[in-house]
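So the structure is just underneath, and the comments pick up after that.
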Amino acid sequence: METTDPKHLYDTQQAQMNILAFWFLIGAEVVVFGCLFGIYLAVKSFTGDGPGPEELFKLNEIMVSTVILLSSSFTCALAIYFLNLTKKAWTLLFFLITIVLGLGFIGLEIREFTLYVGEGASISTSAFLGAFYMLLGTHGVHVLFGVTWIALLLVQLWLRGINQETAPKLFIASLYWHFIDVVWVMIFTVVYLIGKV
Amino acid sequence: MNKQKKEIRKLSLSFIFMILLTAVAFILVLYHLISPPYLIILLIFFALIQIFIQLDRFMDIREKEGTYRFTSLIGGSFVALLAIILLILL
Amino acid sequence: MKALLDYFTSLPSDILLADVSFIIIAVIICYLLTKHSKWEWLWGWITSTDHKKIGIIYLLVSFLFFIRAGIEALLIRMQLAFPNNDFWVFQGDRFNQLTSTHGTVMIFLVATPLLIGLMNVIVPLQIGARDVAFPFMNSLSLWLFISGGILINVSFVAGGSPNAGWTSYAPLALNDYTPGPGNNYYPIGLQVAGLGTIMGGINFIVTILKMRAPGMRFMRMPLSTWAMFITSILIVYAFSALAVALLLLTFERLFGTVILTGGEGNPIIWQHLFWIFGHPEVYIIALPAFGIFSDVISTFSKRKLFGYPSMVFAIILIGFLGFMVWVHHMFTVGLSTNITIFFALTTMLIAVPTGIKIFNWLFTMRGGRIRFDTPMLYALGFIFTFVIGGVTGVMLSVVPADYQYHDSYFVVAHLHYVIIGATIFGVFSGVYYWWPKMFGKFLNEKLGKWNFWTFGIGFHFTFFPMHIMGLMGMPRRVFTYPEGEGLGFLNFISTCGAFLMGAGVLFFMINIYITTRSTQKNTLRDPWFSRGRTLEWTIPSPPPPYNFARLPLVKSREPLWEAYENGYKNIDFIGEYEDIHMPNSTSLPFFMGIGFLIASFGFVFEIWVIAIMGMAVVFLLMGIRSFQHKSGIHIPKEVVMAEDKGAED
């Protein structure tokens, strides 16, 4: 197994450029989600014959999702902490926990959506619901992508160990994961909490 | 080793603080403890604090080339904010 | 067989013609490739990660789209040549398809990628880099652009083109009013192309931030590079907004959301999102052209660029203000007065930095020893044209007046003055200017002048009358107009002008053909009469794959010119000779493009199996890419040294 001095894990020019590029991608994603929030806020009151946010959301269950996603962000940060110490087993473990929590979040979200659709609140019921599903769906797809991505990287980590090639990749994936969490904090606040105010 | 312990403590404290903020916000909404306009401002304030913690503690935004990273985020937020404002005013 | 024949005879004549010409061209190309056994050569280009080759493919493909959309423009002008005209099949819906695809293709698949292609070739050379930051992603951008372009371009023979205008306004673009796959092409094709453009933007940002040669500070970067840097930032933010707008339209058309409908939702949301992208897009296609003109004018006037810092400042300010003016496309929507006034003011404000740039260009020329070669002619033509376009722009920003101009030919005239005046003139100028650098040959000057004068005069004949038509009340996007309104004569002049422009483009194509066939080489480093000022003229023409055998040391804004002034033949290269690491060529981006193409057809026709299959291909290839070792190839030091010595002799 190949290990490198932790200080030099991200020192290659390519790694530095990849990380910087990813920050600009995050800048782009801020606009993407900002616009989705804009759409949602614009049509929030256009509930038509369907339910509004007040009747629809079950805050207790959303709270569970939120805690799960926040925890996954924490375990992800821990994984990166161990990555920087080049402790492979711990890194693997905490990333695995992150993946499991992410999958749990997706499961809860799917459950939530099927529940709503069962209550007659589908994507074409009203403009509010359309925007809601678009915003939440885009975020959900991001989570799903993140889970798959991290899983693939873990296979590489397992096979190749911690080195200058795998470490920056995992670090970038962790940035992505935290960003998803940031978006969720906004969704939780703007959609769910303020929806209930 | 001391430095590592400190690091772990830093991460854990950030996490606990975020969970706390979420819980407080949740309770405030659940029991309608504050009147709506102030509550909304407070909730958004809480969210912004959490985002800042994520960026600072978990995403190391202040590390090398922090200026570029901030620029990217601020640019994106600026465009997003304009979009949101105009769409709300619709 | 008979069924096939029946199908073909049942097609409208224009589609039949297009099908037949598709087939004939494809057969000819295959025949030529096989005859000269060039398939391997073609594959080499397709899989290349060399930024110069990618840039050239960008230029070539977007030029093909330019021809296509240009032919559409000629068809539009033929239909409008006379009052109550019935030309071929282009009335009503077919005319709408024509104008919609003309606009969409010209903006998204011609103007943007032409400039990206040119900058792909030039920016790394200007900053003294051996490649872009992400060669793989560069190739992926290219193939996503081509996939999206193919989708938009084949739409009219496969289910009908988008016909709701290039802005695709809701609710017209929704299922209720325009059912069928035609308008699905718009959001899905552009989504794919836009994704590629975002990647390209990020790539350029990081390249310019991290790969500059030693000593190349920000305030020493050539203006083209500065312009491309700011443009890339605009791309990253603006195209993200577009991505959301297109996603929204896709949801409306395919998944039945009701956000944009008149009754349950609000169609203005589309307008906002589209123009949040749409106005920065104007600067995305104008700023690089400004950069090109700055370099060209300074070179051909043999003078230092006047007011370099103010030029940089103006670019940044234009980029910033560009995000705060979009509502001027929506004055007649009836938003609140305060919003309207705010955006009218920012719009007027943007004329200030633009004016600064115009004056700086003029002052650069003042007292210079000006050569009137084709690139310079285009630059001068640009200044003249763009000032007219800018003035009409300020006229349009006056809100009460805009209520009169809105959706009339006045707007059509304005936008063509600005976009052709800046972007197309800029690309012609840049292509003539850098052609010797790219291929080691000059484009023919005589044909170049014919190209410029026919295109330029044709341009003004085409579009100047449109101002007057607009003021006389002719609305845009109509396929005919009544007799006796005094519009016939103006429209006829406009049509004649359009054909003159067509002749100009023809001259350009002949020029390329003759130049490519000729064996006369000009492999000088600095072919423009030793007037070069920036780094791209310090290396051989065409440059070796690694561009710089040794890295240059940049000590001033115009290193080459400074070296000339001090009596040297070239700048100092400080780096040692070393083994040079270059990226592998790769076929993955090409196949990812194909995957996106397949998926997109699935989405357009709502056949989910195909859509999922296509996306599976894309994700599979992404996975493969993630597992690949990025070894690259090493060019040994000795080879580099030998080549460099050979180039000097």
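The values are calculated or read from the model by the stated rules, or taken from the named source; none is laboratory data. Only a predicted model underlies this, so the values are computations on that prediction, with no experimental measurement involved. Glycine gets a Cβ as well: all are built from the backbone with ideal geometry, and neighbour counts include every protein chain shown. What goes into the accessible areas is simple: the full protein's heavy atoms, side chains included, and nothing from ligands, DNA or RNA. Shrake-Rupley method; radii C 1.70, N 1.55, O 1.52, S 1.80 Å.
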Original post:
Which of C:45, C:329, C:535 sits closest to the plus end of the dipole of chain C, meaning its Cα is farthest towards the positive end, when Lys and Arg get +1 and Asp and Glu get -1 on the C-beta?
Top reply: C:535
Subject >> Share of alpha-carbon pairs per 10 Å distance bin for chain A, given as whole % >> reply: 9, 33, 30, 17, 9, 2, 0
Original post:
For region C:19-61 and region C:188-239, what is the separation of their Cα centres, given in Å?
Top reply: 27
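Can you give the extra length, in nm with one decimal, that the chain gains between residue C:566 and residue C:18 once fully stretched, where that is 0.36 nm per residue apart less the Cα-Cα distance?
Working: separation 548, 0.36 × 548 = 197.28 nm, distance 5.91 nm.
Extending this stretch completely gives an extra 191.4 nm.
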**OP:** Report the residues of region A:154-197 in range of a label on residue A:100: point 7 Å along Cα→C-beta, backbone N strictly under 13 Å from it.
**Re:** none
**OP:** Could you calculate the contour length gain from residue C:395 to residue C:446, that is, 0.36 nm times the residue separation minus the distance between their Cα atoms, to one decimal place in nm?
**Re:** 14.5 nm
**OP:** Please give the net charge around residue C:13, taking every other residue with its beta carbon less than 12 angstrom from that of residue C:13, where Lys and Arg add +1 and Asp and Glu add -1.
**Re:** -1
Original post:
Can you work out the FRET efficiency for the pair residue C:581 and residue C:513, with r the C-beta to C-beta distance and R0 = 30 Å, to the nearest 0.05?
Top reply: 0.20
**OP:** Wrap a convex hull around the Cα atoms of region C:40-85, take a quarter of its surface area, and give that in square nanometres.
**Re:** 4.1
Original post:
Once amide H atoms are built 1.01 Å from N in the peptide plane, which residues 5 or more positions from residue C:408, or in another chain, come under 5 Å H to H?
Top reply: C:476
Original post:
Accessible area of residue C:6, 1.4 Å probe, to the nearest 10 Å²?
Top reply: 80
Original post:
Under the definition of partner shielding as Cβ atoms of other protein chains within 10 Å of a residue Cβ, what is the mean value for peptide A:176-188?
Top reply: 4
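Taking the Cα centre as origin and putting +1 on Lys and Arg beta-carbons and -1 on Asp and Glu beta-carbons, what dipole magnitude results for region A:1-155, to the nearest 20 debye?
Numbers: 6 positive and 11 negative charges, 74 e Å.
Using Cβ point charges on Lys, Arg, Asp and Glu, region A:1-155 gives about 360 debye.
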Original post:
Counting each DSSP H run of 4 or more residues in chain C as -39500 (n - 2.57), what helix-only mean residue ellipticity at 222 nm follows after dividing by all residues, to the nearest 500 deg cm²/dmol?
Top reply: -22000 deg cm²/dmol
**OP:** Starting from the Cα of residue A:117, step 7 Å along the direction of its Cβ; do the same at residue A:59; then give the gap between the two resulting points in nm.
**Re:** 2.8
Subject >> Accessible surface, 1.4 Å probe, highest first, among residues A:71, C:397, A:45, C:21 >> reply: A:45, C:21, A:71, C:397
Subject >> Computed accessible area, residue A:149, all protein chains, 1.4 angstrom probe, square angstrom >> reply: 60
**OP:** At a 1.4 Å probe radius, which order do B:10, C:441, B:3 fall into by accessible area, largest first?
**Re:** B:3, B:10, C:441
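Counting only protein heavy atoms and a 1.4 Å probe, tell me what percentage of the protein assembly as shown's accessible area is made up of carbon and sulfur.
Accessible surface attributable to carbon and sulfur in the protein assembly as shown totals 70 percent.
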Subject >> region C:76-141: chymotrypsin sites (Phe, Trp or Tyr not before Pro) in DSSP loop, at most 16 other beta carbons within 10 Å >> reply: C:88
Subject >> Accessible heavy-atom area order of C:296, C:20, highest first, probe of 1.4 Å >> reply: C:20, C:296
Original post:
How many partner chain Cβ atoms sit within 10 Å of a residue's Cβ in peptide C:618-627, on average, as a whole number?
Top reply: 2
**OP:** Name the aspartates and glutamates eligible as straight-distance cross-link partners of residue C:2: C-alpha to C-alpha under 20 Å, and not fewer than 8 places from it in the same chain.
**Re:** C:19
Subject >> lysines whose Cα lies under 20 Å from that of residue C:630, excluding same-chain neighbours fewer than 8 positions away >> reply: A:169, C:210
Original post:
Okay, which of region C:117-155 sit inside 12 Å, backbone N to the point 7 Å along the Cα-Cβ direction of residue A:13?
Top reply: C:128-134
**OP:** Work out the charge dipole of the protein assembly as shown with +1 on the Cβ of Lys and Arg and -1 on the Cβ of Asp and Glu about the Cα centre, then indicate which of B:45, C:629, C:385 is farthest towards its positive end.
**Re:** C:629
**OP:** Anything over 21 Å Cα to Cα? Flag those among C:302/C:569; B:64/C:555; A:87/B:5; C:38/C:637; A:87/B:10, in the order listed.
**Re:** B:64/C:555; C:38/C:637
Subject >> Cross-link partners of residue C:521 among lysines (Cα-Cα below 16 Å; sequence separation of 8 or more within a chain) >> reply: C:437, C:441
**OP:** Using the Kyte-Doolittle scale, find the helices of chain C whose mean hydropathy is at least -1.0 and whose Cα atoms extend 27 Å or more along the helix's long axis, counting only whole DSSP H runs.
**Re:** C:13-35, C:51-79, C:135-154, C:185-210, C:223-250, C:268-301, C:374-396, C:445-471, C:488-517, C:608-627
Original post:
For the protein assembly as shown, what are the per-bin percents of Cα-Cα distances with bins 20 Å wide, up to the bin holding the maximum?
Top reply: 13, 45, 35, 7, 0
Subject >> For region C:38-648, alpha-carbon Rg and Dmax in angstrom >> reply: 24.1, 77
Original post:
Using a Förster distance of 60 Å, how high is the FRET efficiency between residue C:645 and residue C:471, based on the Cβ-Cβ distance and rounded to 0.05?
Top reply: 0.40
Subject >> Computed FRET value (nearest 0.05) for residue A:108 with residue B:6, which takes r as the C-beta separation and R₀ as 35 Å >> reply: 0.55
Original post:
So what's the angle, to the nearest 10 degrees on a 0 to 90 scale, between helix A:59-84 and the longest Cα principal axis of chain A?
Top reply: 10
**OP:** Would you kindly find the accessible area of residue C:467, with a 1.4 Å probe and non-protein molecules such as ligands, DNA and RNA excluded, rounding to the nearest 10 Å²?
**Re:** 10
